[in-house]
There are 2 protein chains.
Amino acid sequence: MNTMDIHQLPAPADIREAAERIAGVARRTPVWSSPALDEAAGAELHFKCEPMQLTGAFKVRGALNAVLSMSDAQAKKGVATHSSGNHGAALAFAARERGIPCTVVMPDNSVKSKVANVRRYGAEVVFCEPSQASREDTVADVVERTGAEVIPPYDDARIIAGQGTCALELLEQVPELDVLVVPVGGGGLITGTAIAARSLAPGIGIRGAEPAGSDDAARSLSAGRRITDITPDTVCDGLRAIISELTFRGIRDNVDGIITVEDDATIDAMRLAWLELKLTIEPSSAVVLAAVLAEPDAFRDRSVGVILSGGNVDLDHLPW
Amino acid sequence: MNTMDIHQLPAPADIREAAERIAGVARRTPVWSSPALDEAAGAELHFKCEPMQLTGAFKVRGALNAVLSMSDAQAKKGVATHSSGNHGAALAFAARERGIPCTVVMPDNSVKSKVANVRRYGAEVVFCEPSQASREDTVADVVERTGAEVIPPYDDARIIAGQGTCALELLEQVPELDVLVVPVGGGGLITGTAIAARSLAPGIGIRGAEPAGSDDAARSLSAGRRITDITPDTVCDGLRAIISELTFRGIRDNVDGIITVEDDATIDAMRLAWLELKLTIEPSSAVVLAAVLAEPDAFRDRSVGVILSGGNVDLDHLPW
């Protein structure tokens, strides 16, 4: 992987290497089901439970793969990123695992629990103003000061390969899946998933689920080029990112379509998952269940792998 | 089992028979863990996830065992019980599974979601006044009208044997456990657990966890006789029952002690489980995690089986 171009899409072999690299650190998360949800969907739903992943989200797979594949010389200078969400905690965790410094730049209006979640794994938090310019300037300052390598949340082949390990696992656990449904934020998870799954099951369907209020991927697929002029407005705080050129190519070439979902349907699906699966999934995961329930004809009587991406919620501010 | 005296404690063989009887219907629930909770407890905690059991609680094990062991002649007249909680839904589920009628007497101030949960499995709900006398009179009316057999929530060897199947499973999944911690309400689960676990691992410790506001079992153990003059006052709605003479004997002869827990600690533990395990456990399950955290010296460095009994919560009325 060290010789791989991180600005290109990973190959299936890169994802298998990532799986070996992170084995024994990342958890093999369970797959669970619910007769009531199967009945509601008219399909056989197999939920891959990444809320139970370390740090509470799949993000640690990519972060570990990136951090563990750095050279010793680069690694000792540390890593940095900007994040107001799960990627920051995942990178902090991965850096602690390798024993190297980590700095996470967070907007000064970040949710306290997210800041605490980054600090919990020993990373330094540097606050910035809540603008993209301030985020990038502040990260640049950190890099100049420390020589740290910036590990982005999705626009990096090592990250995409790491996220793809989740689908490798799922297809080992439940080999006979007809279709996978995956949430779409920055596009790293769905791109890695599609490349991994197609390498094992060439005919498998890959569907994205995206909030209607942050539907840049769906619009980009329709337009045949990346659409970036949207202002994300959705309860799915993990899916407000805009796909990159790299993940756009990954999605365009590997994904069978994206279902967009209104927040009301996502919140209903989140409640349903809490009640029936007994899992505290976050809105960014509930969007996939909402998508399956919204388009039953696409999934009826099929065996569906539903990737629940994370479970980091603020219990004092539930969306219902 | 048909020849067994339902007013005596079940033998280990009865629990093994129950396991065979309910296999293929009741779910084999997963066992899960959390590095953060292990660190908090200073112990290795293995959580048996009965919130993921059908109907959302372990109760279906006992109800299935009772209903599936009835003679055809008795079964066709149906079953009845009074319940404002998980046992009613469990019995309704078991009766539907056998294809026989079920009537559940519920106080007319029951929580709507609990009523819906019973009706969902096809049982008839008959309302009564919220007093013990009205409950019993109304059940007697149902029995006179239908000839149904009353299946009590815990004071019955078939129920206790069914609940014990959970521990058989847990010890297959994680053989090397030093101690089990089990919630105590009416005492059916802990009695079945103790008999099952001791038959496989004679030296295993069995600890109960009971809300301080409904500590009849702890008081009864101290007094050496059943204490019943308490008025339950606890957030643990599943643990307000009073142990019977039968379950008192089961606890007295098989349990190493009961840890009582204040509701504040239970609510903190419930939040912690939601955040770290990502499971929507109910207060009656959280009491066991609270007990482990409250008495760390009893569990330090040990391998602990923690039975999470159920996950039926009202998401609109969370206790924090």
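The values are calculated or read from the model by the stated rules, or taken from the named source; none is laboratory data. Fair warning: this is a prediction, and the values are worked out from it, not measured in the lab. Positions of Cβ are backbone-derived with ideal geometry, glycine not excepted, and every protein chain shown enters the neighbour counts.
Worth pointing out:
- Members of segment A:196-214 found to be within 19 Å of the chain's Cα centre (by Cα) and more than 14 Å from A:VAL255 (Cβ to Cβ), listed by number: A:PRO211, A:ALA212, A:GLY213, A:SER214
- Residues of segment A:291-308 that turn out to be out of contact with any Asp or Glu (no Cβ under 9 Å at 6 or more places or on another chain) and touching a residue at least 40 places away in the same chain (Cβ under 8 Å), as a count: 5
- Looking across segment A:45-70, just one residue is away from chain B (no Cβ under 12 Å), of a type outside the set (A, V, I, L, M) and farther than 30 Å from A:GLU149 by Cβ, and that is A:HIS46.
- Selected residue (only one of A:ALA75, A:ALA40 is of a type outside the set (D, E, K, R) and within 30 Å of A:VAL179 (Cα to Cα)): A:ALA40
- Residue match in segment B:254-269 (condition: within 14 Å of another protein chain (Cβ to nearest Cβ), in a helix (DSSP H, G or I) and in contact (Cβ under 8 Å) with a residue 40 or more places away in the chain): yes
- If the condition is being free of Cβ contacts under 8 Å to residues at least 60 places away in the same chain and part of a loop (DSSP other than H, G, I, E, B), then segment B:1-29 contributes B:THR3, B:GLY24, B:ARG27.
- Counted residues, segment A:1-44 - those being within 14 Å of another protein chain (Cβ to nearest Cβ) and in contact with a strand residue (DSSP E or B) (Cβ under 8 Å, 6 or more places away or on another chain): 8
- A single entry from B:ALA73, B:ALA89 fulfils the requirement of being in a helix (DSSP H, G or I) and more than 25 Å from B:SER309 (Cα to Cα): B:ALA73.
- Output for segment A:106-147, where each listed residue is touching a Ser or Thr at 6+ places or on another chain (Cβ under 6 Å) and under 14 Å from A:GLY78 (Cα atoms): A:GLU124, A:VAL142
- Test result for A:SER199, touching a Phe, Trp or Tyr at 6+ places or on another chain (Cβ under 9 Å), in a helix (DSSP H, G or I), surrounded by fewer than 24 Cβ atoms within 10 Å (Cβ to Cβ) and touching a residue at least 12 places away in the same chain (Cβ under 8 Å): no
- Scanning segment A:281-313 for residues that are within 10 Å of chain B (Cβ to nearest Cβ) and part of a loop (DSSP other than H, G, I, E, B) gives A:ILE281, A:GLU282, A:GLY311, A:ASN312, A:VAL313.
- Flag for A:LEU277 being farther than 16 Å from A:THR234 by Cα, surrounded by fewer than 24 Cβ atoms within 10 Å (Cβ to Cβ) and facing chain B (nearest Cβ under 10 Å): no
- Every test in (1) within 18 Å of the chain's Cα centre (by Cα); (2) in a helix (DSSP H, G or I); (3) more than 14 Å from every other protein chain (Cβ to nearest Cβ); (4) more than 30 Å from A:HIS7 (Cβ to Cβ) is passed by A:LEU246 save one, and that test is (4).
- Qualifying residue in segment A:159-179 (condition: of a type in the set (S, T, N, Q), surrounded by 20 or more Cβ atoms within 10 Å (Cβ to Cβ) and farther than 28 Å from A:VAL67 by Cβ): no
- Test: B:VAL150 is crowded, with 24+ Cβ neighbours inside 10 Å and not small (Gly, Ala, Ser): no
- Filter pass, B:LEU239 being crowded, with 22+ Cβ neighbours inside 10 Å and modelled with pLDDT under 95: yes
- Residue in segment B:54-62 that is in a loop (DSSP other than H, G, I, E, B) and surrounded by 16 or more Cβ atoms within 10 Å (Cβ to Cβ) present: yes
- Residue match in segment B:182-193 (condition: surrounded by fewer than 24 Cβ atoms within 10 Å (Cβ to Cβ) and under 20 Å from the mean Cα position of the chain (by Cα)): no
- Some residue of segment B:49-59 being at pLDDT 95 or above and more than 20 Å from B:GLU282 (Cβ to Cβ): no
- Restricting attention to segment B:127-147, the residues that are buried (at least 17 other Cβ atoms within 10 Å of the Cβ) and free of Cβ contacts under 8 Å to residues at least 60 places away in the same chain add up to 4.
- Boolean, A:VAL306 is crowded, with 17+ Cβ neighbours inside 10 Å, hydrophobic (A, V, I, L, M, F, W, C) and closer than 15 Å to A:LEU45 by Cα: yes
- Residue list for segment A:17-43, filter: over 23 Å from A:ALA89 (Cβ atoms) and either surrounded by fewer than 18 Cβ atoms within 10 Å (Cβ to Cβ) or touching a His at 6+ places or on another chain (Cβ under 6 Å) (or both): A:GLU20, A:VAL31, A:SER33, A:PRO35, A:ALA36, A:ASP38, A:GLU39, A:ALA40, A:GLY42
- Among the residues of segment A:129-145, just one is closer than 24 Å to A:ARG96 by Cβ and modelled with pLDDT under 95, namely A:ARG135.
- Candidates A:ALA80, A:ALA92 - the one that is surrounded by 18 or more Cβ atoms within 10 Å (Cβ to Cβ) and in contact with a Gly (Cβ under 7 Å, 6 or more places away or on another chain): A:ALA92
- Among (1) in a helix (DSSP H, G or I); (2) crowded, with 24+ Cβ neighbours inside 10 Å - the single one A:PHE47 does not satisfy: (1)
- Residues in segment A:100-127 that are assigned to a loop (DSSP other than H, G, I, E, B) and either of a type outside the set (A, V, I, L, M) or farther than 21 Å from A:GLU149 by Cα (or both): A:PRO101, A:ASP108, A:ASN109, A:SER110, A:VAL111, A:ARG120, A:TYR121, A:GLY122.
- Residues of segment B:270-289 satisfying the condition of being over 12 Å from B:LEU308 (Cβ atoms) and in contact (Cβ under 8 Å) with a residue 40 or more places away in the chain: B:ARG271, B:LEU272, B:GLU276
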